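Structure record follows, encoded as structure tokens.
The values are calculated or read from the model by the stated rules, or taken from the named source; none is laboratory data. On a predicted model such as this, the values are computed, not experimentally measured, just so you know. With ideal geometry, Cβ positions are generated from the backbone for all residues, glycine too; neighbour counts draw on all protein chains shown. These accessible areas exclude ligands, DNA and RNA; they are computed on the full protein's heavy atoms, side chains included. Shrake-Rupley method; radii C 1.70, N 1.55, O 1.52, S 1.80 Å.
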Amino acid sequence: MEVFQETVRLEAGREGVAVGGAVERFSTELKRLYEDAGEPTLGQLVRLAAKQAPPIKISDSTISTWLNAGHVPAPGPKEKYFALLVTYLRKQAAARGHQHMPEGAWLQLLHAAREERSALRGGRPAKARVSPEVSRRELRTVETLPPRPVGLVGRESCLADLLSELDPAREKAQPSIVTAVSGMGGSGKTTLAIEAAYRARDLGLFSGGVLFLDMRGYSSNDSDLKAENAAEQLLRYLGVPEADIPPAGSEVLDLWRTHAAYLGRQERPFLLILDSVSAASQVLPLIPSFSQHRIIVTTRHVLASLPGRQIELNELSGSSAAQLLDQALRVARPDDQRVASAPEDADQLAALCGGLPLALQIVAALLKIEPKRPLASLIDELKDTRSRLGGLQHNDIDVLGNPLATRAAFMLSYRRLSTEEARAYRLLALAPGPHFSMETAGILLEAPPSVTRSLIRTLMSANLLLSNAQERWMMHDLIRLYAEEKADEDTNNVESSGALQRILLHLLEVAEEADGQLSWTADEAPSERFLSPGEARNWLDDEYSTLLAAVSYAHYVELDIISIAITLRLERHFAQNCRLGDWADMLEIALKSSQRLGDPQLEAEVLSGLGRFHNAAHQPDRAFSFHQEALRLVIEAGGHPSEAAILSSAASSLVEAGRFDEAMSYFEKSLTLHRKSGDIRGQGRVLHNMGTMLVDLGDLDRAVDFLREDLRICQKLGDRAGEGVTHNSLGRAYYDLQKYETAASHFQQSLNICREFRDARQEGSVLKNLANAHASAGRLSLSLDLYQQALRVQRTTGDRHGEGETLMNLAVTHEELRQIGPAIKCLEQAAIAFRETGDKHGIQAARRWLSNLQARSPFHNR
């Protein structure tokens, strides 16, 4: 303070102003600045205020009294305008060759003049232990801010929200003194608060000072700063003599509030940053009554009992995180091109840091030390989740003295948890997948819903859990890694292993029940959990990412039976939703699990699953090779009930490959085994497959016989899903028999069952077939609508091969309607779809037909 006042005196001396009364110096210096600026009209100066956003109210008479009558601008809006006025007059004077004091010295001169004027006029006695002399002369305007952050990236919206809450002149129905900025450790809360404070200071919003105080809410030694201790420190900042500050207790809080009220009456609002607060009790006693003061609280907790605005910080977006990294590197070395030259590596580094500003700051520090190190090298170091937190540390501290280490930051939050809360934090990190449900949490914690929800709420309040969607939660990647580290510690390992096994078994049991509901028959016990196929499918959709992760988790912890069983239970869901990529990935994991177990029967089941996958992907040769390997293992092991099903699946691959005689031989072997074992359902499936093959071969009467027998079996067993598939196959047979009305009837029944079971893949195929039947019956308009419905379903499910077939059929209808242009477009799109799925015959057929149409329609060819 004294140094800055001396600067003012020196600046004034350089300009030839006599060093004496502060009011006289202020008036003389302002008048000379006005004259050197060319004496702009008072109207011009009033318009200068009106142009601001929001406009500042000032009259020409007020400005005139400053220039001519020795009046001094009051705190608040008038001081804000005075700073604007000085900036404007200095620019005008400089353009005329005159130099004046810097803006900071002007404000200091204003404050000195105001204090002198206040002392001369006297004042009302202060309350409590505050003497009039202290109130008038020794309540300093101080600034205790840490260094200003170097740029703020990705927080522009939060900064704007915070600044809007800080402006004391902003009109609000209910002014909010306190604004809480919350977020997980390392999310940049303090950086945001400090930047907002600097901007507010630069705008001249807080003539009473800008104070920063570390409340030590998450310190390593649990030495939280209590409200009364904070009040002591704040009073010292304001210049209250030590002898006037009572011992910590209610009196010191009364004294703080009294001084805050005095500053308010003097129109000197202050901004107070209470950093690292862990409980509302550290803040509530410090809140002043004067509504123009402002307090920013930074905290890792959601302090719901604090009055005022809550601003929550999440992780940075990928682009903002990469920008922050680039900015940090360029501040140190402006020519550092590593982020600009490798943007994909920068994005990957940002992802490994989880968009957490602290982690990005550490990465930047590591890269600054090695300016030639490529980003890819650090990516390789951080990829391993088991060592990532160890890699995200640097043996140094930030400007506030906090260690540059993510593990250390998370440890401070972890230490604040109770024993029960810490256990919940560790165990919930074991939930498979990116997010989890209340049910999953309850299984992991072995707790009833009420206790589970209470623990979830507590962890959310501590920003250790995030709400992903309605009734689903997740952890930030790095927070989760720290929880997993704690779960793996020797004292927690047994409990963690038990929880993981518990949730994996639970997911397997429910997946089995859901899959059973999708293929339920009347001779089976009804599901107690799922009342309909729709409910089962909803659960599979909701828990899809969880189930995929469960397969990987189970394999990783060598619970191989669970890994294999979940994969095989998801097969129907994979196929019906065209999730071929996930299906292939899970089968590869299951195959490794079966090979590690050394069980040929299990390995054969997985190999046969791989065969069915490749058949669904229209790769019949690869499919048949997997089925053959599965059969070899079963036969070498002396046979197995699964042999009949594998034979049937192998036969289907042969049909797809056009090897019909071999396929019939495999079907007959399979049917013999099913009859031998008395498996009626298995017999029906083989009869169905034989019937569909005979449809392809044109042996339609035999096909209808086989399919009708299969339909009787499905109806006898109450197998609605199987009944729907068989209706579709019967429709195909009757279509080829040119009995289009009968075909349409079967297709419609199949479509109804598809929608009942929400079988999207089958629905697209059936819609195409139903459209074919109506087109052949002469109902072309109806068929066009059905083809479009089929395409929408197939594009939604990603069934590119089915889409190609529908486009071919749609082209036929367009051609019949002499709509050659749309027909050509359909054939072009069909050829692309067949090329993407590797169907050479489909490509040739589409191109051949396309050439014929283009030859007949040269206009469309152009």
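Restricting things to alpha carbons, tell me how big the range 427-556 is in terms of Rg and Dmax, in Å.
For the range 427-556, the Cα-based Rg and Dmax read 15.7, 51 Å.
Is the range 758-832 rounded, prolate or oblate when judged by the Cα gyration tensor, a ≥ b ≥ c being the square roots of its eigenvalues, rounded requiring a/c under 1.5 and prolate requiring a/b larger than b/c? The partial results should precede the final answer.
Details: a/c = 2.49, a/b = 1.26, b/c = 1.98.
Oblate, since a/c reaches 1.5 and b/c is not below a/b.
Could you sort 299-311, 554-566 so that the peptide with the highest average Cβ count within 10 Å comes first and the rest follow in order? It would help to have the intermediate numbers written out before the result.
Details: 299-311: 18.3, 554-566: 20.4.
Packing order, densest peptide first, comes out as 554-566, 299-311.
Kindly write out, for the range 158-163 in residue order, the coupling ³J(HN,Hα) from the Karplus curve 6.51 cos²θ - 1.76 cosθ + 1.60 (θ = phi - 60°), rounded to whole Hz, with x marking Gly and Pro.
Going residue by residue, I get 5, 5, 4, 4, 5, 5 Hz, with x marking Gly and Pro.
Residue by residue, what Karplus-based ³J(HN,Hα) values in Hz, rounded to whole numbers, does the range 742-758 have, using 6.51, -1.76 and 1.60 with θ = phi - 60° and x for Gly and Pro?
5, 4, 4, 4, 5, 4, 5, 5, 5, 4, 4, 6, 4, 6, 4, 9, 6
Calculated from DSSP H runs of 4 or more alone, at -39500 (n - 2.57) each and per residue, what is the 222 nm mean residue ellipticity of the chain, nearest 500?
Computed ellipticity for the chain at 222 nm equals -20500 deg cm²/dmol.
For the range 722-765 and the range 608-648, what is the separation of their Cα centres, given in Å?
28 Å
Could you derive backbone 3J(HN,Hα) for the range 476-492 from the dihedral phi with the Karplus parameters 6.51, -1.76 and 1.60 (θ = phi - 60°), listing whole Hz in sequence and x where the residue is Gly or Pro?
Taking θ as phi minus 60°, the curve returns 4, 3, 6, 4, 5, 4, 5, 4, 5, 4, 5, 5, 7, 5, 3, 5, 10 Hz for the range 476-492.
Counting only residues 5 or more places away or on other chains, whose amide H sits under 5 Å from the amide H of Asn468 once H atoms are built in the peptide plane?
Correct list: Trp473, Met474.
Angle between the Cα long axis of helix 103-121 and the longest principal axis of the chain, 0 to 90 degrees, nearest 10?
50 degrees
With every protein chain present, what is the per residue accessible area of the range 21-118 (1.4 Å probe, Å²)?
I get 46 Å² per residue for this part.
How are the Cα pair distances of the range 559-647 distributed, in percent, across 5 Å bins from 0?
In whole percents, the pair-distance histogram is 3, 16, 26, 25, 20, 7, 1, 0.
What residue among Phe660, Ala304, Ala514 has its Cα farthest toward the positive end of the dipole of the chain, where the charges are +1 on Lys, Arg and -1 on Asp, Glu, each on the Cβ?
Going by the Cα projections, it comes out as Ala304.
Report, in debye and to the nearest 20, how large the dipole of the chain comes out about its Cα centre when Lys and Arg carry +1 and Asp and Glu carry -1 on their Cβ. Intermediate results must be reported in sequence, preceding the final value.
Values: 97 positive and 112 negative charges, 665 e Å.
It works out to roughly 3200 debye.
In vacuum, with every alpha carbon of the range 481-621 counted as one equal point scatterer, what does the Debye formula give for log10 I(q)/I(0) at q = 0.11, 0.15, 0.18, 0.20 Å⁻¹? Two decimals, please.
-0.46, -0.81, -1.07, -1.21
Let me check against my output: what whole-number percent is the relative contact order of the range 386-492, with C-alpha pairs under 8 Å and at least 6 apart?
About 25 percent, as a whole number.
What share of all Cα pairs of the range 293-392, in percent, falls into each consecutive 5 Å distance bin?
2, 12, 22, 20, 14, 9, 8, 7, 4, 2, 0
Restricting to the chain, what percent of DSSP beta bridges are antiparallel, rounded to 5?
Bridges in the chain are about 25 percent antiparallel.
Give me the log10 of I(q) over I(0) for the range 244-286 at q = 0.30, 0.31 Å⁻¹, as the Debye formula computes it from C-alpha points; what are the numbers?
Taking Cα atoms of the range 244-286 as identical point scatterers yields -1.07, -1.08.
What residue among Leu591, Leu417, Leu647 has its Cα farthest toward the positive end of the dipole of the chain, where the charges are +1 on Lys, Arg and -1 on Asp, Glu, each on the Cβ?
Positive-end residue among those listed: Leu417.
Once you keep just the Cα pairs under 8 angstrom separated by 6 or more residues, what percentage relative contact order results for the chain? Write out the running numbers ahead of the final one.
Values: 1266 pairs, mean separation 53.6, N = 862.
That works out to 6 percent.
Between the range 185-246 and the range 25-71, how far is it from one alpha carbon centroid to the other, in angstrom?
Taking the Cα centre of the range 25-71 as reference, the centre of the range 185-246 is 35 Å away.
Using only Cα atoms, find the angle between the long axis of helix 560-569 and the longest principal axis of the chain, and express it within 0 to 90 degrees, rounded to the nearest 10.
70 degrees
Got a number for carbon plus sulfur as a percent of the chain's accessible area, 1.4 Å probe?
The computed percentage sits at 50.
In debye, nearest 20, what is the charge dipole magnitude of the range 772-847 about its Cα centre with +1 on Lys and Arg Cβ and -1 on Asp and Glu Cβ, if you could check?
It comes to approximately 100 debye.
Report the per residue volume, in Å³, of the convex hull enclosing the C-alpha atoms of the range 603-744.
In the range 603-744, the Cα hull volume divided by residue count equals 104 Å³.
Where the eigenvalues come from the Cα gyration tensor of the range 407-468, what are the semi-axes √(5λ) of the equivalent ellipsoid, largest first, in whole Å?
Taking √(5λ) for each eigenvalue gives 19, 13, 10 Å, largest first.
In debye, nearest 20, what is the charge dipole magnitude of the range 212-339 about its Cα centre with +1 on Lys and Arg Cβ and -1 on Asp and Glu Cβ, if you could check?
Once rounded to the nearest 20, the dipole reads 340 debye.
Whose amide H sits under 5 Å from the amide H of Ile273, counting only residues 5 or more places off or on another chain, with H placed in the peptide plane?
Amide H neighbours of Ile273, under 5 Å, 5+ apart: Leu211, Phe212, Leu213, Ile296.
Using the basic label-point model (7 angstrom from Cα toward the beta carbon), what is the Glu836 to Val399 distance in nanometres?
5.1 nm
If you average the sequence gap of Cα pairs under 8 Å that are 6 or more apart and divide by the length of the range 514-607, what percent do you get for the contact order? Numbers along the way, then the final one.
Working: 81 pairs, mean separation 22.8, N = 94.
It comes to 24 percent, rounded to a whole number.
Modelled label-to-label distance, Arg148 and Ala248, 7 Å Cα→beta-carbon offset: nm?
If labels sit at Arg148 and Ala248, their model points lie 3.5 nm apart.
What is the mean projected area of the alpha carbon convex hull for the chain, to one decimal in square nanometres?
On the way: hull surface 200.3 nm².
Value for the chain: 50.1 nm².
What residues have an amide H closer than 5 Å to that of Glu312, excluding those fewer than 5 places away on the same chain, when H is modeled at 1.01 Å from N in the peptide plane?
Ser182
For the ranges 450-459, 498-507, what's the packing order if you count other beta-carbon atoms within 10 Å of each residue, average per peptide, and put the highest first?
Working: 450-459: 16.9, 498-507: 19.2.
Top of the packing list down: 498-507, 450-459.
Specify the angular offset, from 0 to 90 degrees and rounded to the nearest 10, of the alpha carbon long axis of helix 600-616 from the longest principal axis of the alpha carbons in the chain.
90 degrees
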